[in-house]
1. So is residue 183 part of a loop (DSSP other than H, G, I, E, B), among the aliphatic types (A, V, I, L, M) and closer than 22 Å to residue 52 by Cα or not?
2. Among 22, 40, 66, which is of a type outside the set (Ser, Thr, Tyr) and open to solvent by 70 Å² or more (accessible area, probe 1.4 Å)?
3. Hey, could you check the stretch 190-208 for residues that are touching a residue at least 60 places away in the same chain (Cβ under 8 Å) and small (Gly, Ala, Ser) and say which is most open to solvent (accessible area, probe 1.4 Å)?
4. Pairs, please: C-beta under 6 Å, at least 6 apart or cross-chain, first residue under 10 Å from residue 197 (Cα atoms) and of a type in the set (Ser, Thr, Tyr) and in the stretch 156-173, second part of a helix (DSSP H, G or I) and open to solvent by less than 60 Å² (accessible area, probe 1.4 Å)?
5. Among the listed residues 161, 192, which satisfies the condition of being closer than 30 Å to residue 34 by Cα and within 31 Å of the chain's Cα centre (by Cα)?
6. Please work out which one of (1) under 26 Å from the mean Cα position of the chain (by Cα); (2) open to solvent by 80 Å² or more (accessible area, probe 1.4 Å) is the condition residue 95 fails and give its number.
7. Name the helices (runs of 4 or more DSSP H) wholly inside the stretch 397-456 in which the number of residues that are modelled with pLDDT of 85 or more, hydrophobic (A, V, I, L, M, F, W, C) and within 26 Å of residue 306 (Cβ to Cβ) is 3 or more.
8. Looking only at the stretch 158-189, count every residue that is surrounded by 17 or more Cβ atoms within 10 Å (Cβ to Cβ) and aromatic (Phe, Trp, Tyr) and tell me the total.
Amino acid sequence: MKTVILWSDALLFILLAAMITFIVSIIRNNQSRERWSRVFRSRLGMSCFLIILTYIVIGVLDSLHFRKAIESVEGQKQSDVYYSSHINSILDLLLGEMGEDKEKTYSAPFSLKSYSKENMQDEQGNTYRDYASLKHAGKHLESSDDRPVDIALQSFQALLTGLVISALLIAAHAYWMKGKNSIYPWKTAYITLAIIICLLTWMIHVGSLYHILGTDKAGNDVLYKCLKGIRTAMLIGTLATLIMMPIAISLGIAAGYFKGWVDDIIQYLYTTLSSIPGLLLIAASALLFQIWIDLNPDYFSTGLEKGDAKFIGLCFILGVTSWATLCRLLRAETLKISQLDYVQAAHAFGVSHARIIAKHILPNVTHIILIIFVLDFSGLVLAEAVLAYIGVGVDSSMHSWGNMISAGSAELSRVPAVWWNLAGAFTLMFVLVLAANLFSDLVNDAFNPKTHLEAA
């Protein structure tokens, strides 16, 4: 086994390190800890956080890449080890046969036969048309009539396993919390955790025996593709937002604090950027980057590395073209804060601009940055689907919900319609975006000073 670190993997690990640093800073700061505790004291906030955390864990597991060693052939030296050109992840290992069992073409959810008729020959050599049996789905069954009972038994077994795992985790946490007075809704957390674990256990176990969401045109398992698309969605939402943040924060605060010609130049910049249709600008930039990749194939040793480079380029383009809104908000807030008495007093005492910005301006605009970060995350996840639909999304070699929705729109027009590709991607995207939006509302309520004033 040979470890492979893609550029997007490296950025994800840097992102995780930044998140850990951020969490540590929250724990040390009493005011931040109190505000975040308001979010988690809510049952809805706790449930949404666990759902988002599940997506993050799946994305991280799918970012731990490696290449398998190829079995040695006769005459090969033991010291010579050759590796497969196909790159796997830890998530692939956990999903097992779900990603490896490929059929010939479309098949409906839980079906044992192909979705389209094809020419076949009987024992006498006569040609006839019928639905061919699938190669992998239900191969353990002695008869196709056993399928309903088998699905029920396998589901019961998977759910029982999930409940046992959940009970062990919950019992360990309950024992650790014994005797402690907690303000957080742990019962809600336990129920949400049990549902998530049971659902994942069911998908992994039953998904290794049947195609729960059917297969696509190339015979790939649709549920496997949906789960692999989580990494793309999580990365594009977070990386693009993190690329956008430094630009928006530095320019927004500089415009509001220094005013004058600095403010004029920055206003011209974001006004001009806002006047260009965002979709057109992103599409043109993505096409330029695609041309550069096509003209420099020597930089990439595998197809996945090539797709990864295009993916990072798309994150960069989305980040660079979407900073105007946050910049405008920060400029307005900084203009207001810079007129307050304690800031004017700092100027009178000769405190440097950098110290005033670090001590008085930046801490007072943090709530805006946090709220926009969470809101933009779900917006960028949806943007990837829109870009894939018009053909400028991530590379087709990468699993993404946008590519699945783009393919699903054409599949709905065929007869009979293939709906499970679109439904699978839409469901997972809907759950993630809904959880992120509900969580962002709670963050807004906890951090926005106007909310507290209205409540008072």
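1. Judged against the criteria, residue 183 is a match.
2. Among 22, 40, 66, only 22 is of a type outside the set (Ser, Thr, Tyr) and open to solvent by 70 Å² or more (accessible area, probe 1.4 Å).
3. Once the filter is applied, the top-ranked residue is 208.
4. These pairs meet every condition: 161/201; 166/194; 166/197.
5. Sole residue among the options that is closer than 30 Å to residue 34 by Cα and within 31 Å of the chain's Cα centre (by Cα): 192.
6. In the conditions (1) under 26 Å from the mean Cα position of the chain (by Cα); (2) open to solvent by 80 Å² or more (accessible area, probe 1.4 Å), residue 95 misses (2) alone.
7. 420-447
8. Total satisfying the criteria: 0.
The values are calculated or read from the model by the stated rules, or taken from the named source; none is laboratory data. Source: prediction; values computed, not measured. Glycine also receives a Cβ, built like all others from the backbone with ideal geometry; neighbour counts cover every protein chain displayed. These accessible areas exclude ligands, DNA and RNA; they are computed on the full protein's heavy atoms, side chains included. Shrake-Rupley method; radii C 1.70, N 1.55, O 1.52, S 1.80 Å.
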